[in-house]
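**Student:** I have a structure here, written as structure tokens, and I will follow up with some questions on it.
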Amino acid sequence: MFSRKNKLLLFKLLSLFSVVRGYNILVITLAQYLASIYILAPDWPLHKVVFDINLFLIVTASALVIAAGYIINNFYDAEKDLINKPTKSMLDRLVSQRFKLTTYFVLNFLAIFAASYISFRAVFFFATYIFGIWFYSHKLKKIPFLGNLVSAILSILPFFVVFIYYKNFEPVIFVHALFLFLLISARELIKDLENIPGDMAQGYNTIPILYGIRIAKLFTGFLLSLALLPSLLLVTKFDVGYMYIYFYATTVLLIVILVFLWNARTKKHFIWLHNILKFIIVVGVFSILLIDVDLLLNRIL
């Protein structure tokens, strides 16, 4: 049996895991490795990619910066989350704001330390990434359109740094990136629709608040419609192996989402839409394995 002290420690660890959204970081880490193996460096031997110390340091630095970013975002959104996410907010508050800030600085320091073993350019990139996340959380996220755009860009930067590392400039990579960027941008707008009460209470000038729910829906629908183009382009113009199954299924799901979006009225509806889009993105990570189902076995053997 756990003592009262041990139970409190366990809850605090769960709270910190919730704040840094550990599950998201695990998915992003996996996505960086799978993208490296199957998309960015498909001709490299498996062991050379998996045991590449520079890639490991890039992925580690990315994970540390993203975790720190979630902390600083949670710090600035604490009051808003009490309204929008009361249950999660109560769990997050088991860890003090002071401890969160201390952890924020420690994680960023460790990220820069890891990057320093790669190159000065890596240090500059991650330092800029850290500043960008802080500036977005502190200022930009309250600015309509710009805040959504910056949020989507910050979300795909961990993949951009790996892309730069491998110097692979094949068109298929840009189409993959465009598809992901559009999905994330649409998800950010749906989050704005989901969080209207808290945003209004804290004076956030989001698109739904400034221009109305109908305009926000139209803009979200426009982004989702645009996402259909790279999805279809990837299966008709590029060799994506069995991943075509994912893109065809995603096309059907996006059409369903478009219909559901137009009829969505309550916060519960927007939460469902948000979760479906998140599901599409996460499944997309694992679907990278379908690009060449024999590739992993061949490399191992």
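**Student:** Apply 1/(1 + (r/R0)^6) to the Cβ-Cβ distance of Lys237 and Leu289, taking R0 = 22 Å, and write down the FRET efficiency to the nearest 0.05. Each step should come with its number before you reach the end.
**Tutor:** On the way: r = 21 Å, r/R0 = 0.97.
The formula returns an efficiency of 0.55 here.
**Student:** Which is the longest part of the chain that has none of the trypsin sites (Lys or Arg not before Pro) sitting in a DSSP loop with at most 10 other Cβ atoms within 10 Å? Can you show the working numbers first?
**Tutor:** Numbers: sites that count: Lys167, Arg265.
Within the chain, the longest run free of exposed trypsin sites (Lys or Arg not before Pro) spans 1-166.
**Student:** A follow-up question, please. Using R₀ = 25 Å, calculate the FRET efficiency as 1/(1 + (r/R₀)^6) where r is the Cβ-Cβ separation of Lys167 and Lys278; round to 0.05. Don't skip to the answer; put the middle values down first.
**Tutor:** Details: r = 31 Å, r/R0 = 1.23.
Step by step, r from the Cβ atoms, then E = 0.20.
**Student:** In what order do Val19, Val282, Val259, Val175 fall by count of nearby beta-carbon atoms within 10 Å, going from fewest to most? Mind dumping the intermediate values first?
**Tutor:** Working: Val19 24, Val282 15, Val259 10, Val175 18.
With the sparsest Cβ surroundings first, the list reads Val259, Val282, Val175, Val19.
**Student:** When the Cα atoms of region 9-168 are enclosed in a convex hull and the volume is divided per residue, what value in Å³ results?
**Tutor:** Working: hull volume 19.5 nm³, N = 160.
So the per-residue Cα hull volume is 122 Å³.
**Student:** Can you give the extra length, in nm with one decimal, that the chain gains between Val50 and Ala201 once fully stretched, where that is 0.36 nm per residue apart less the Cα-Cα distance? Write out the running numbers ahead of the final one.
**Tutor:** On the way: separation 151, 0.36 × 151 = 54.36 nm, distance 4.70 nm.
Extending this stretch completely gives an extra 49.7 nm.
**Student:** I've got another one for you. Consider a paramagnetic label point 7 Å from the Cα of Phe145 along Cα→Cβ; state which residues of region 183-214 have an amide N under 15 Å from it.
**Tutor:** Only 205-212 pass the distance filter.
**Student:** Show me, for region 159-165, the HN-Hα J-couplings you get by feeding each phi into the Karplus relation (A = 6.51, B = -1.76, C = 1.60, θ = phi - 60°), rounded to Hz, glycine and proline as x.
**Tutor:** Result, rounded to whole Hz: 7, 5, 5, 5, 4, 5, 4.
**Student:** I need the phi-derived Karplus couplings for region 222-228: 6.51 cos²θ - 1.76 cosθ + 1.60, θ = phi - 60°, integer Hz, Gly and Pro marked x.
**Tutor:** 5, 5, 5, 5, 4, 5, 5
**Student:** What is the gain in length, in nm to one decimal, between His138 and Phe174 on full extension, counting 0.36 nm per residue of separation less the C-alpha to C-alpha distance?
**Tutor:** On the way: separation 36, 0.36 × 36 = 12.96 nm, distance 3.00 nm.
This chain segment gains 10.0 nm when fully extended.
FYI, it's all coordinate maths here, none of it is from the lab. Remember, it's a predicted structure, so these values are computed and weren't measured experimentally. Glycine also receives a Cβ, built like all others from the backbone with ideal geometry; neighbour counts cover every protein chain displayed.
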